[in-house]
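The values are calculated or read from the model by the stated rules, or taken from the named source; none is laboratory data. This one's a predicted model, so the numbers in the text were calculated from it and none came from an experiment. As a convention, Cβ positions derive from the backbone with ideal geometry for all residues, glycine included, and neighbour counts pool all protein chains shown.
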Amino acid sequence: MSKLLKKEQVVEGFDYGALVVEQRIVVQQRAGEIRERLRRTAQDIWEVGQKLSDVRSRLKHGQFEAWLNVEFGWSRRTAYNFINVYEAFPERANFTQVDIAASALYLLAAPSTPQTIRNEFMQRACKGEKVTHSGLRKVLQAAKQSSPPTEIAPETPEAVSTRPEIIAFIPKAEANGKLQPIVIPSSEPDPVSIPSHIPPRVQLGDWYLLAKKHVLFCGDTASSHFHKRAPQADLAVAITDDWGHDWLIERANTLLLLPESPLKEGMIKQTLVMYSEPGDMIIFPWLPDEAMLAIAHQLGRQVCAGDPSPERCSRAIYCSGLPVERIHP
């Protein structure tokens, strides 16, 4: 059996046999090339966007979404994070010598970012200045607050389908308590190793310090016991089906609200990589996945977390493998 036929059998859910030979060869080749460039440097992101755009042009309506899901587990919006970068910056050479965080690049290429700000930050990057997501976000928020209000035209179906996921950040002035779930792309990082020691016992109402760096509260994170102590954060990731944390809108610069469902370590890791940087403060008001603390620690983030379940808190501490001590609020 040829390697091509074996590949067609493995990739269940997308019918490569329905494509003509030339289409099939190119589309399968692009899938492999995209995987090789998922290191997420600025240059890699641009090249992934270029190849995704090429595949999109070769497939019929509906085929592109099916191919994304089967090959990468991505939604259409995920792909457009990359495609937006390619289309916003047609000059490939712009990224060869620049220092720009992946999360900042997605935001810079978002259709909602004014071209003047896009040009300004690219010029800064080309001069050797490091461009960060938090720095760019502050400039965009200041520009938005200083701009006169404009009437918003209704979105067309195509505009909705191509809206990038970077719009998941919720500007405080527009939140109005109406938060909508979003979808975060998934990938498979190195698995978190589970330590061999016995999970600690935790008590409701107690605070814990992990590795002299992260804090964890076992209790209701909607209560004043948690949010009065929670610091100003760069990012808050709220994974829940029971929202009651309006205070997070003011406390976190970026707020992601996700429906609670079975999670993958890759999704958690990619969420943190896309929307934060090493050294950033992250708030987890729920811990539905025991690896969340461990992943954030591995990525160099600082965490303020909480959960009303002693079992969840215990598992999160156990999975992190970090030294823990009880502290007083």
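Structural remarks
- Output for the stretch 38-71, where each listed residue is farther than 12 Å from residue 27 by Cβ and in a helix (DSSP H, G or I): 42, 43, 44, 45, 46, 47, 48, 49, 50, 53, 65, 69
- Pairs, first within 12 Å of residue 236 (Cβ to Cβ) and assigned by TED's automatic domain parsing to the domain that holds residue 228 in the stretch 251-273, second modelled with pLDDT of 70 or more and among the basic types (Lys, Arg), C-beta under 8 Å, six or more apart: 253/137; 254/137; 272/301
- Subset tally (residues that are surrounded by fewer than 17 Cβ atoms within 10 Å (Cβ to Cβ) and without any contact (Cβ under 8 Å) to a residue 24 or more places away in the chain) for the stretch 38-64: 5
- Enumerated strands (runs of 3 or more DSSP E) restricted to the stretch 220-305, each holding at least 2 residues that are modelled with pLDDT of 85 or more: 233-239, 281-284
- Restricting the stretch 208-248 to residues that are crowded, with 20+ Cβ neighbours inside 10 Å and aromatic (Phe, Trp, Tyr), the residue that is nearest to residue 310 (Cα to Cα): 217
- Matching residues, the stretch 199-230, being at negative phi and among the small types (Gly, Ala, Ser): 222, 223, 224, 230
- The set of residues from the stretch 274-329 being farther than 25 Å from residue 228 by Cβ and small (Gly, Ala, Ser) comprises 291, 294, 300, 321.
- Meets criteria (closer than 18 Å to residue 43 by Cβ and in the same structural domain as residue 43 (by TED's automatic domain parsing)) for residue 107: yes
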